[in-house]
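Here the structure comes first, spelled out in structure tokens, and everything after it is commentary.
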Amino acid sequence: MNAQFLAIVNIIVYAGAIMVLFLFVMMLMNVKKDKEPQKQLWVKLTGVIAGGSFLTLLIALVKQNTSFQGRDVLLKDGSIGLIHPLGQALFTDFVVPFEISSVLFLSAMVGAVIIGKK
Amino acid sequence: MKILVAFIILWPLAGFLFNGLGRNYWSKKVIAYKATGYIVASFIASVFAFMHVQNHGAVTVHYFDFIHTASLTIPFDFKIDALSSLFLLVITGVGSLIHLYSTAYMQEESAPHYARYFAYLNLFIFSMLLLVLGDNYIIMFMGWEGVGLCSYLLIGYWFSNGSYNYAAKKAFIMNRIGDLGFLLALFWLIAKLGTVSYSEVLTAESLAKLSSADITAITLFLFVGAMGKSAQIPLFTWLPDAMAGPTPVSALIHAATMVTAGIYMITRSNILFSHSEITQNIVAIIGISTALLAATIAIKQNDIKKVLAYSTVSQLGYMFLGLGVGAYSGAVFHVITHAFFKALLFLGAGSVIHAMHHEQDIRKMGGLKSKLPITHITFLIGCIAIAGVPPFSGFFSKDEILAAAFEKNKIYWVLGLVGAAMTAFYMFRLYATTFLGKFRGSHEQEAHLHESPLAMTLPLIVLAILSAVGGAIGIPHSLGGHHWLTGQLSSIISTPQEAHLTVSTEWILMGVSVAIAAIALVIALSRYSKQTDEEPSSAIGKFFYHKWYIDELYQKAIIEPLNKFALFLKEFIEKKVIDGAVNGTGKLVQFSARKVRLIQNGQVGYYILFMVLGIITLFICWFNDISILRFLYTMTHS
Amino acid sequence: MPIEYYIFLCLTLFSIGVIGVLTRRNAIIVFMCIELMLNAVNMLLVAFSKMNYGAAKILSPTTTAGIDAQIFVFFIMVVAAAEVSIGLAIIVMIYRNTHSIDINFLNRLKN
């Protein structure tokens, strides 16, 4: 869909940072699979059924909605996925959330450190 | 006139308030003077009212509107006419004599109780006056209920005794059963005519509006009310038990005034009754049956007051017989003479009881002639009067009723004669056992025998004179008189009875009744002046002695099933059903709360599950589009 | 490509994430499923963005019609990153206190 910027950011953030964090934590905790008792069967079944019916319902909703008929996703084309228009919008229309997100990161870091310290 | 009438009725009320509220303050003397004084003042005012009616005719006095709605107006009016003024005289006159008597009779009581007694007695006079003076049925009903209440209060005057309280309750409850009939008649009248005033109900136009079924029903219900108040079959068993109260109370309430309320009511409504053959027959039949039944029981009783009580029931039966055959003025005449001699007899009995230190069994009395001379003479006069011996008053009134009965139906007359014979018999049995022969009591009692004080003997003397000459107001034409009483009441009575009998027939009737009474009298005297009755041995004797077992019958047939029913209601319905429902609701809430609480088990997984389920439900309800279901249907069925 | 395909794909991913959250017991696995849900939403947003851009481009070639969705996706990723760090720190603390990462044990919210 020619969303280049987002693709790169996705890779960097998820595969780079979040996965690494997960691996760190898993190795830190030494999880053994067989020790913990499994969840009860009926709970799992109920979960599956609930989720399945959720999916079915939403698909039905979408299918019976007529406003999506014939709308197409433009592939391989377009300039909005490129970094230039995205950067422009980000720093002109959406600069306030941008700055606030940096504050958010700061607080997350501080929180993580504090929680980890105790 | 308005103020005068108001005074007549307000003085006894003031007496009630004064004595009732101040019973802890004033001495017995003050209370006695005030209480009696109020009633005497009422009596004097009644005399004035009576003279007024004689000179100017009937008066209706309006005070205020008691009930005033769009569809129904009930004014608070008093009506003074010949009938009510006569009753006023009797009530206040005999009432004041009895008040005077009570001041001496109740001397043994302490001051607060003494005051309580006179408060109740004054309240009774007030209610009775209200009953008699009212111009519509509602005021009469107010008085009706008031006398029932006072009867209960006075019968249970010595309240520490449980059986007296039971008797009082019995009286009140039986009264109430009758009152139900009265109320039904009232409601019927209001429904059909929209009014209860005498001047509007008791006219020919109103009668035209009612169908004959209406009139029969209304009069029957009114009679049911009279049955309860005036002790006819089947609601009469309260009256002998009511002898538990003090003797002056029995004299006033159960001889002279309250029990005659029923007769007053029927006489007032005579135009209604004259138009209903069925009710009149029923009244007559019940009247004569009551008269005979009570007379048979009285023959065998041994308590001086019980004999007099059954005699009252019997005489009331005679009065209703008179009403049933249309002899309204005869019934009223008998009411007046009965008030005189029955009050006299009761007060005399009270004097005897007082002298014998509250001994009431006549088998223990005898020979009191020499010890209690005044009581003896007055009692004898009373007995002669009730037996119907001329020229005493009882003869004239009873004969008028019997003559009217003869006209209507010979059987009534024959039965009435039988009753008269029994009346003479048991009264003279009572007289002979009490006053003649030798004294049969203990020595101690003999030593204490003395004549009663003046306050007690004076009323006896006055009443004796009245019993003797009271017949003068109703001497019939056949004997040369001009029947003043019928003339008085002609304004009230719609269809005045005319004497259809020839003079000679009347003479024969009178002679027969006198002869029979005399024979019974002589038999009784000869038998009982020397000896008393042993315990009844024959079956019939036992039957009469035990009051025809009617009390036991009522107990088994009515009281016990009612008690069982009430017990059933309490145990089953009250405890299980109603309490069960209320408690069950509480238990249900508790139970469901316990179950619902388990959802909150703290596990996040569950919470998310419920969230998902909630979203599903929300979507289904929100996008409530049939196409969702159609799609699902096609998906699953394709 | 018609938009429905993208919608279906994303819905499927999303419900797989939901089932994972409801079914799994290990806290870390639950976390990963949450990330999965977030990613599905991200993809859907980008698809919608291109759809609107495509519709608008026909009218005027230099429009920036669907750019809001892409910015939105950017911020979602920001939030996801922050949330992961905090969440993992909490899990480490719980492990240190209870030596288990079974979410059934974490029922202090009971009653």
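No lab work stands behind these numbers, since they all come straight from the coordinates. All of these numbers come straight from a predicted model, not from anything done at the bench. A quick note on method: Cβ atoms are made from the backbone with ideal geometry, for glycine too, and the neighbour counts reach across all protein chains shown.
Taking the inverse of the mean 1/r over every pair of distinct Cα atoms in the protein assembly as shown gives a Kirkwood hydrodynamic radius of 35.8 Å. Per-residue 3J(HN,Hα) values for segment B:158-163, derived from phi via the Karplus relation 6.51 cos²θ - 1.76 cosθ + 1.60 with θ = phi - 60°, read 8, 6, 6, 8, x, 6 Hz in sequence order (x marks Gly and Pro).
Only helical DSSP H runs with n ≥ 4 go in: add -39500 (n - 2.57) per run for chain B, normalise by residue count and round the 222 nm mean residue ellipticity to 500 deg cm²/dmol. One gets -23500 deg cm²/dmol as the mean residue ellipticity at 222 nm. According to the calculation over all Cα-Cα pairs in segment B:276-471, the P(r) per 5 Å bin from zero is 1, 9, 17, 20, 18, 13, 9, 6, 4, 2, 1, 0, 0 %. Grouping the Cα pair distances of chain B into 10 Å bins from zero gives a pair-distance distribution of 3, 15, 24, 23, 14, 6, 3, 3, 3, 3, 2, 1, 0 percent in increasing distance order.
Can you run the Rg to Rh ratio on segment B:92-210? Use alpha carbon positions and the Kirkwood inverse-distance Rh. Taking Rh as the inverse mean 1/r over Cα pairs, Rg/Rh reads 1.11. Debye-formula intensities of segment C:3-99, expressed as log10 I(q)/I(0) at q = 0.22, 0.24 Å⁻¹, are -1.09, -1.17 (one equal scatterer per alpha-carbon, no solvent). Can you give the local net charge around residue B:156? Use residues other than it whose beta-carbon is closer than 13 angstrom to its beta-carbon, Lys and Arg +1, Asp and Glu -1. Summing Lys and Arg as +1 and Asp and Glu as -1 gives +2.
Listed by chain and number, the lysines whose C-alpha is less than 17 Å from the C-alpha of residue B:79, apart from same-chain residues fewer than 8 away, are B:2. Within 10 Å of the Cβ of each residue in A:79-86, the mean number of Cβ atoms contributed by other protein chains is 5. Ranked by how many other Cβ atoms sit within 10 Å of their own Cβ, fewest first, the residues B:622, B:26, B:238 fall in the order B:622, B:26, B:238.
Taking amide H atoms as placed 1.01 Å from N in the peptide plane, the amide H of residue B:76 lies under 5 Å from those of B:63, B:64, B:65, B:66, each 5 or more residues away in sequence or on another chain. Given segment B:51-144, what whole percent of its Cα pairs are spread farther than 17 Å? In whole percent, the share of Cα-Cα pairs in segment B:51-144 beyond 17 Å is 60.
Among A:86, A:45, A:21, the largest mean-square fluctuation in a Gaussian network model of chain A (Cα springs under 10 Å) belongs to A:45.
In segment B:158-267, the convex hull through the Cα atoms has an average projected area of 7.6 nm², a quarter of its surface area. Here's the list of aspartates and glutamates a cross-link from residue B:371 could span, going by alpha-carbon distance under 14 Å and ignoring same-chain residues fewer than 8 apart: B:446, B:451.
Using only Cα atoms, tell me the angle between helix B:393-408 and the longest principal axis of chain B; keep it within 0 to 90° and round to the nearest 10. Once rounded, the angle reads 70 degrees. Of B:383, C:33, the sequence from fewest to most neighbouring Cβ atoms within 10 angstrom is C:33, B:383.
Tally Lys and Arg at +1 and Asp and Glu at -1 over the other residues with C-beta under 15 Å from the C-beta of residue B:225: what net charge comes out?
+1
Number of Lys-Lys pairs in segment B:158-267 with C-alpha atoms under 30 Å apart and a separation of 8 or more places or on different chains: 5. Cross-link partners of residue C:50 among lysines, defined as those whose alpha carbon lies under 23 angstrom from its own and excluding same-chain residues fewer than eight positions apart: A:63, A:76.
Using only the C-alpha atoms, the convex hull of segment A:38-118 corresponds to 226 Å³ per residue. Contact order for segment B:333-419, expressed relative to its length and based on alpha carbon pairs under 8 Å spaced 6+ residues apart, stands at 29 percent. Highest mean packing comes first when the peptides B:305-311, B:459-465, C:71-77 are listed by Cβ atoms within 10 Å, giving B:305-311, B:459-465, C:71-77.
Would you mind calculating the relative contact order of segment B:158-267 from Cα pairs under 8 angstrom and at least 6 residues apart, reporting the percent as a whole number? So the answer I get is 33 percent. Taking the number of Cβ atoms within 10 Å of each Cβ as an exposure proxy, the fewest-first ranking of A:42, B:11 is A:42, B:11.
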